[in-house]
Amino acid sequence: MTIKDTPEEWEIRATSTPFRGNKTSVRTDDVVMPDGSVVTRDYQVHPGSVAVLALDDAGRVLVIRQYRHPVREKLWEIPAGLLDVPGENPLHAAQRELYEEAHVKAEDWRVLTDVYTTPGGCDEAVRIFLARNLSEAEGERFKVEHEEADMELERVPVEDLVRGVLAGELHNNCLVVGVLSLVAAQHGDGLDALRPAEAPWPARPFEA
């Protein structure tokens with residue numbers, strides 16, 4: 001058999017949106033189960049995100065340390081951001097995030113992996129890009145505010161990040177998935193065999 005996720009949508013008898021936030025909302029659906037029963041499912045509606053695993057020529061990954069209030073921790077992460085504009089090209093969004101958070105640009109872009117962060121309670125889809133051939137971005141640095149004003153920036157060897165993930169010392173979803181996917185690709189068909197940066201993304205369709 002083929003191990004592959006497939007689209008499917010069960011009947012919804014009623015739906016409501018009890019909460020609307022600045023970027024996300026909460027939706028309540030009454031969903032018909034296979035046995036005919038109807039159950040209520042609450043979930044967060046999310047615009048989607050992109051993340052960038054930026055790998056330099058020395059085999060180091062560009063990471064940032066940022067305070068995350070919901071978990072009350074400063075987490076090491078890879079650059080990431082929301083898809084704020086409906087239909088926005090995820091590659092363009094990723095290039096923007098790499099520039100804004102690290103003042104870096106990249107010449108080589110690939111799709112590393114696509115994930116749903118918490119599909120049991122949120123419809124957020126994240127596309128994680130691999131960016132290589134890095135260089136300092138031109139022009140002035142992007143003006144940061146709020147949590148981003150306290151960010152730290154480092155370049156860390158891949159093996160150190162893998163060690164931190166497996167030791168339970170690094171917890172950010174995109175960093176964990178991105179770093180382990182990178183290692184898997186390196187030990188598989190190689191990084192040049194990854195999908196092109198403009199590969200289709202059914203979870204968040206976009207304009208080329």
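Is it fair to say Val63 is touching a Pro at 6+ places or on another chain (Cβ under 7 Å), under 14 Å from Gly178 (Cα atoms), surrounded by 16 or more Cβ atoms within 10 Å (Cβ to Cβ) and not polar (S, T, N, Q)?
Values: touching a Pro at 6+ places or on another chain (Cβ under 7 Å): no; under 14 Å from Gly178 (Cα atoms): yes; surrounded by 16 or more Cβ atoms within 10 Å (Cβ to Cβ): yes; not polar (S, T, N, Q): yes.
No, not satisfied.
Kindly list, by first and then second residue, each pair from a residue in segment 175-202 that is within 15 Å of Asp160 (Cα to Cα) and not assigned by TED's automatic domain parsing to the domain that holds Glu107 to a residue that is surrounded by fewer than 18 Cβ atoms within 10 Å (Cβ to Cβ) and among the acidic types (Asp, Glu), limited to pairs with Cβ atoms under 6 Å and residues at least 6 apart or on different chains.
Sorted first by the residue in segment 175-202, then by its partner, the list stays empty.
With within 18 Å of Leu98 (Cβ to Cβ), among the charged types (D, E, K, R) and free of Cβ contacts under 8 Å to residues at least 24 places away in the same chain as the only criterion, which of Glu154, Glu140 stands out? Working first, answer last.
Values: Glu154 fails: free of Cβ contacts under 8 Å to residues at least 24 places away in the same chain.
Step by step, each of Glu154, Glu140 is checked, and only Glu140 is within 18 Å of Leu98 (Cβ to Cβ), among the charged types (D, E, K, R) and free of Cβ contacts under 8 Å to residues at least 24 places away in the same chain.
Within segment 86-136, restricting attention to residues that are among the charged types (D, E, K, R), assigned to a strand (DSSP E or B) and at pLDDT 95 or above, which residue is nearest to the chain's Cα centre (by Cα)? Don't jump to the end; show me each part of the working.
Step one: list which residues in segment 86-136 are among the charged types (D, E, K, R), which gives 88, 96-97, 100-101, 105, 107-108, 110, 114, 123-124, 127, 132, 136.
Restricting the remaining residues to those that are assigned to a strand (DSSP E or B) gives 105, 107-108, 110, 114, 127, 132, 136.
In the following step, the residues that additionally are at pLDDT 95 or above were identified as 105, 107-108, 110, 114, 127, 132.
Values: Lys105: 18, Glu107: 20, Asp108: 18, Arg110: 14, Asp114: 8, Arg127: 5, Arg132: 17 Å.
The residue in question is Arg127.
Applying the selection to segment 97-117, what residues are among the aromatic types (Phe, Trp, Tyr) and touching a helix residue (DSSP H, G or I) at 6+ places or on another chain (Cβ under 9 Å)? Give the derivation first.
Taking segment 97-117 as the starting set, the residues that turn out to be among the aromatic types (Phe, Trp, Tyr) are 99, 109, 116.
Residue satisfying the conditions is Trp109 alone.
Conditions (1) closer than 23 Å to Glu100 by Cβ; (2) touching a residue at least 60 places away in the same chain (Cβ under 8 Å), marked per residue:
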{"position": "Gly21", "(1), (2)": "yes, no"}
{"position": "Val32", "(1), (2)": "no, no"}
{"position": "Val38", "(1), (2)": "no, no"}
{"position": "Ser49", "(1), (2)": "yes, yes"}
{"position": "Val52", "(1), (2)": "yes, yes"}
{"position": "Val61", "(1), (2)": "yes, yes"}
{"position": "His69", "(1), (2)": "yes, yes"}
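The values are calculated or read from the model by the stated rules, or taken from the named source; none is laboratory data. Nothing here was measured: the structure is a model prediction, and the numbers come from that model. Please note: Cβ atoms are built from the backbone with ideal geometry, for glycine as well, and neighbour counts cover all protein chains shown.
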